[in-house]
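**Student:** Here it is, the structure, as structure tokens.
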Amino acid sequence: MKLSYSAALASFLFFSFFFISCKSKEEKQQVLIDEAEIAPRHLRVVWAEDPSSNAVISWTTLHEHGKNHKVYFDTISKEGEKLDYAFQTLASKNGSISLVDEDFKEGVPQGYYHHADLNNLKPSTAYYFVVESDDLVSDEFYFISGPEDDSEFSVLWGGDSRMGGPEPRYAGRTPHVDRQEMNKRIKALIDEDPNIIAFIHGADYGTTADWRHLFWWFEDHEIVIGEGNRLLPLILSRGNHDMQTGFEENFWLGDTQRKRGFDYYFSTQLGSQAAMITLNTEISVAGDQRDWLEENLASKRKENKWLLVNYHRPAYPVVKDFENATFKRVRETWVPYFEKYNVDLALESDGHILKRTVPIRNNKYDETGIVYIGEGGLGVPQRVADSTRWFIQPPGFAMSAHNVQKLTFSKDFIKIKAFGMDGGILDQFEVKPRKMD
């Protein structure tokens, strides 16, 4: 990421160069390298419950923790001049990213996380911002806050970006060629369609959530930055490869996390007529989470035309053992509530394949049922479906293909398109509004 240094940094470098003027060319170059390394990087925007008024800005610094971490923002571009922005807020959560022995062996630099809460935003508004860590200031980026009306919009969705390429590597090193290619596809979709407002991730970002894996995920995620330095907000979920402490350190949900700790289940309101409920298959699917699910399905169904669920482990897997307890517990605990409250679409990951089930109700084909799509194709090596599964017989299907899916919400339908790595459309269908009593 290219960095635009603040006036304070420019002055600092001037005096630094004065004092090292007698040093060698190699030593002088190292000063510039060191400054670039500690400058803010890995900028990202995270949405949780109310993206029309709230967002979290997160970033990384390397090698040094620093003392002053801040976001300057405005509804008008200030071209990176930090003191010209109308608003500023301190990072509310900062800390050292945990490292384990393998991280040291891989040679990833010590990292530090920084999270700032932006509140009282205006809906559907471009917010331009820079982040600052100890007088080192990033380039200007922008994101668009969430809508609060019923206008048409799209989101991107996909899961399992944890590794890829012709020689998959299970350590933290690049290249993750397929993941990078899928990120290029995501960027192309963002640039061609300004109505895409967010990216919903179905989890499994890296092989683990240790720093040697998340570091490279963040590096590759910078490929997704859109034209004009547009950042597409992330709606996060947690998977079985995300269970290390690094996930909690680097993915912060602001007030949602403060209220319930690190459970990572929440409901996101997208406009006035669509709600996305994110669930966590890596903790108990019963108990508190089940009770919360029923309460939120009931309330959101009454208030919204569209109601979706997103979670990692599939209720209807097309690759892994259908009767395995991991999937059976999701199917037996959550699906009855999905069906009771007529969820419009279920987003599943984990299987490393592209699928669309037939509409399902009471564990059989039913035209009034729920379609389950998935199961993760953002760079992870693809698998082969069990073609005998009843729920992927026509009009359902499954195929091995990297994919990202675009969901377009309008008053009359949700249009779903699955795009392959080369941009070709691999699948498309529509979901119509349910006739509610």
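**Student:** Can you give me the relative contact order of the chain as a percent, contacts being Cα pairs under 8 Å and 6 or more apart?
**Tutor:** 15 percent.
**Student:** So, one more: Taking only Cα atoms and a 10 Å spring cutoff, compute GNM fluctuations for the chain and point out the largest among PRO51, PRO194, PRO314.
**Tutor:** For the chain, modelled as a Gaussian network with Cα springs under 10 Å, the answer is PRO194.
**Student:** Fewest to most neighbouring Cβ within 10 Å: what's the order for THR278, THR368, THR326, THR60?
**Tutor:** By the 10 Å Cβ count, ascending, the order reads THR368, THR326, THR60, THR278.
**Student:** Further, regarding this structure: In degrees, nearest 10, range 0 to 90: what is the angle between the Cα axis of helix 177-192 and the longest Cα principal axis of the chain?
**Tutor:** On a 0 to 90 degree scale, this one is about 90.
**Student:** Using only Cα atoms, locate the centre of the range 376-404 and the centre of the range 246-293, then give the distance between them in Å, rounded to an integer.
**Tutor:** 27
**Student:** Modelling each spin label as a point 7 Å along the Cα-to-Cβ direction, I'd like the ARG258/THR326 distance in nm, to one decimal.
**Tutor:** So the two model labels end up 3.6 nm from each other.
**Student:** In the chain, with Lys and Arg counted as +1 and Asp and Glu as -1 at Cβ, which of these residues, ALA298, VAL108, SER267, has the Cα nearest the positive end of the dipole, that is, farthest along it?
**Tutor:** Among ALA298, VAL108, SER267, the one farthest towards the positive end of the dipole of the chain is ALA298.
**Student:** Springs between alpha-carbon pairs under 10 angstrom, Gaussian network model over the chain: which of GLU375, GLU303, GLU348 fluctuates most?
**Tutor:** The residue that fluctuates most here is GLU303.
**Student:** What does DSSP give for the chain in terms of the percent of beta bridges that are antiparallel, rounded to the nearest 5? Could the numbers behind the result be given before it?
**Tutor:** Numbers: 63 of 82 bridges.
Bridges in the chain that DSSP calls antiparallel: roughly 75 percent.
**Student:** Between ASN240 and ILE76, take the C-beta separation as r, use R0 = 45 Å, and let me know the FRET efficiency to the nearest 0.05.
**Tutor:** Numbers: r = 43 Å, r/R0 = 0.96.
For R0 = 45 Å, the calculated efficiency reads 0.55.
**Student:** Quote the charge dipole size of the chain about the Cα centre in Debye, to the nearest 20; the model charges only the Cβ of Lys and Arg (+1) and of Asp and Glu (-1). Write down the numbers at each step before the final one.
**Tutor:** On the way: 50 positive and 66 negative charges, 188 e Å.
Dipole of the chain, to the nearest 20 debye: 900 debye.
**Student:** Between HIS65 and ILE425, what is the label-to-label distance in nm when each label sits 7 Å out along the Cα-to-Cβ direction?
**Tutor:** Modelled inter-label distance: 5.3 nm.
**Student:** Who wins for biggest fluctuation among ASP412, ASP117, ASP242 in a Gaussian network model of the chain, springs between alpha carbons below 10 Å?
**Tutor:** Its mean-square fluctuation being the largest, the pick is ASP412.
**Student:** Another question about this same structure. Once you have the Cα-Cα distance between SER98 and GLU192, take 0.36 nm times their residue separation minus that, and quote the gain in nm to one decimal.
**Tutor:** So the extension gain works out to 30.0 nm.
**Student:** A follow-up question, please. Collect residues whose amide H, placed 1.01 Å from N in the peptide plane, falls under 5 Å from the amide H of ASP366; neighbours closer than 5 in sequence don't count.
**Tutor:** Distant-sequence amide H within range of ASP366: ILE360, ARG361.
**Student:** If each residue's Cβ is checked for other Cβ atoms within 10 Å, how do GLU181, GLU294, GLU430 rank with the fewest at the top? Write down the numbers at each step before the final one.
**Tutor:** Values: GLU181 18, GLU294 15, GLU430 11.
Listed from fewest to most nearby Cβ atoms, that is GLU430, GLU294, GLU181.
**Student:** Then there's this: Gain in length, LYS364 to GLN393, computed as 0.36 nm per residue apart minus the alpha-carbon separation, to one decimal in nm?
**Tutor:** Difference between extended and current length: 9.3 nm.
Read the figures in this text as sums done on the coordinates, not as results from a lab. The model shown is predicted, which means the values in this text are computed figures rather than measured ones. Cβ atoms come from the backbone with ideal geometry, glycine included; neighbour counts cover every protein chain shown.
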